[in-house]
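One structure below.
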Amino acid sequence: MNAMRPASRVTVRRTLAVITSRTMPTHTAPMALASRARTLRPSPRTTPRATTRRLAPSRLGAAQGARETKSHGCVFMTHVSRTRAAIGADDGANTRRMATRAAADADGVMGAKFDDARGDAGASAGARGGAAERVLEMFARVRPTIELGVLFASWYYFSIAFNVYQKAILKAVPMPLTVTFCELAVGSALAGACWLVGLKSKPVMKMNMLKPLAVLGGVHMLGNALTNVSLGKVAVSFTHTIKALEPVFSVGLSAAFMGVIPSLALVATLVPIIGGVAIASATEVSFNMPGFIAAMGSNLTFQSRNVLSKKMMGGSEIKKLDYTDLLSLITIMAMIASLPLALAFESSMMNMPTITAGGMPLGVLGKNIFMASLCFQLYQAFSFLVLERVTPVTHSVGNSLKRVFVIACSVIIFRNPVSMTNIAGTALAIFGVFMYGAVKRSENSANDKAA
């Protein structure tokens, strides 16, 4: 009986192993086989002792099954942990690959955006450069027009300022010849200063230049003196309305001394000029004969200067002078000629009570004379600069337009009373001057084409 117990125990173990392997899941079959192999090995103790407590077959199988189940559970959890680790590793690798790919994509996108931005910046810079070039080209095209406009505006401004200062001086000090000398002296000093400091190169003088310069200087002085006499006697607006008759004197003197016969169209333009001046003179509140005659004499003198300059400068060294040097030399000659005239006619008035009788302080009078002299020289200089860039006819038209601004500004500043008839006469005279300029320009163009 005792000899049969080991065999029976082995049989029981085999039976339990078979049962366990059949009831275990498929994925635990290898572990069950390993356990069954262990059960097939014989126990080293084949002879039981009397004191050894033997377990019943049912309890033995239950304990063995519990141990194997625990072992299977541990193996299964280990497998799960390893599987999770493998999955985690794969996920980490995939995550890294995806992050690397995303970074590469981001770098590509940023690079593309940077390239696009750089391209856009280059295109924008190119567009700005092209726009700047177009602006410079446009400015280069309009620059002569802008410069001419600035010269015209400066000519008009200093002419208006000169007439305003001159009228204020002559109202306070009725000494037109003395004022003329002072202004010519200031102009001569300014010309000499420009030569001394190097702002303008000194003109080269020759003996054959003295006679024509003396004649032109004397005529220039007489024209300015007569203008000052007129400004002291009548309103500024009326003086310049009378000076609108300059084309009439120009046509007459050219026909008398140079043999230039005017066309019928040119003569027709003189009719509204003469008619307008007549209407304005008949309705002028400040009209008086000395002022009217002085303004007419100024027209005659200045137009004679123009005719004489054409006759005397032909083949002369004076033609080599520019307009600024010619004006400066004529001003010096006019100043020399004006001193004897002022002493002859106004020496008795050259005293402080007479000079200050008009209510203008001596310091203010000196400042006004300086400013009037400066404005006169500047407006003459800008007039010559305009003449360098345009035709004489265009310059004449610009001079007529200047009179419009001078008349309007003088009426506003001095508040001269004017009637509608006076305004109509002035407007008619100015219109005639514009028509004279248009016809003269047309005739000159026709002569140039015929030549």
Residue list for the range 168-194, filter: surrounded by fewer than 23 Cβ atoms within 10 Å (Cβ to Cβ), of a type outside the set (A, V, I, L, M, F, W, C) and within 38 Å of the chain's Cα centre (by Cα): Ser188, Gly192
Matching residues in the range 265-295 - criterion: being closer than 21 Å to Val404 by Cβ, small (Gly, Ala, Ser), out of contact with any Gly (no Cβ under 6 Å at 6 or more places or on another chain) and assigned to a helix (DSSP H, G or I): Gly275, Ala278, Ser281, Ala282, Gly291, Ala295
Of residues in the range 388-432 being in a helix (DSSP H, G or I) and of a type in the set (D, E, K, R), the one modelled with the lowest pLDDT: Glu388
Residue satisfying all of: in the range 425-451; aliphatic (A, V, I, L, M) and touching a helix residue (DSSP H, G or I) at 6+ places or on another chain (Cβ under 9 Å); farthest from Leu270 (Cα to Cα) among these: Ala427
Answer residue from the range 343-378, given it is hydrophobic (A, V, I, L, M, F, W, C), touching a helix residue (DSSP H, G or I) at 6+ places or on another chain (Cβ under 6 Å) and more than 26 Å from Asp325 (Cα to Cα) and is surrounded by the fewest Cβ atoms within 10 Å (Cβ to Cβ) among those: Phe345
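For every residue, the table says whether it meets (1) buried (at least 20 other Cβ atoms within 10 Å of the Cβ); (2) more than 19 Å from Val150 (Cα to Cα); (3) in contact with a strand residue (DSSP E or B) (Cβ under 8 Å, 6 or more places away or on another chain).
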site: Gln380; (1), (2), (3): yes, no, no
site: Phe384; (1), (2), (3): no, no, no
site: Val404; (1), (2), (3): no, no, no
site: Ala429; (1), (2), (3): yes, yes, no
Where a residue in the range 397-409 is without any contact (Cβ under 8 Å) to a residue 12 or more places away in the chain and within 13 Å of Thr426 (Cβ to Cβ) and its partner, wherever it lies, is surrounded by fewer than 19 Cβ atoms within 10 Å (Cβ to Cβ) and charged (D, E, K, R), with Cβ under 9 Å and at least six apart: none
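The values are calculated or read from the model by the stated rules, or taken from the named source; none is laboratory data. As the structure is a computational prediction, the values presented were derived from the model and not from experiment. Cβ atoms come from the backbone with ideal geometry, glycine included; neighbour counts cover every protein chain shown.
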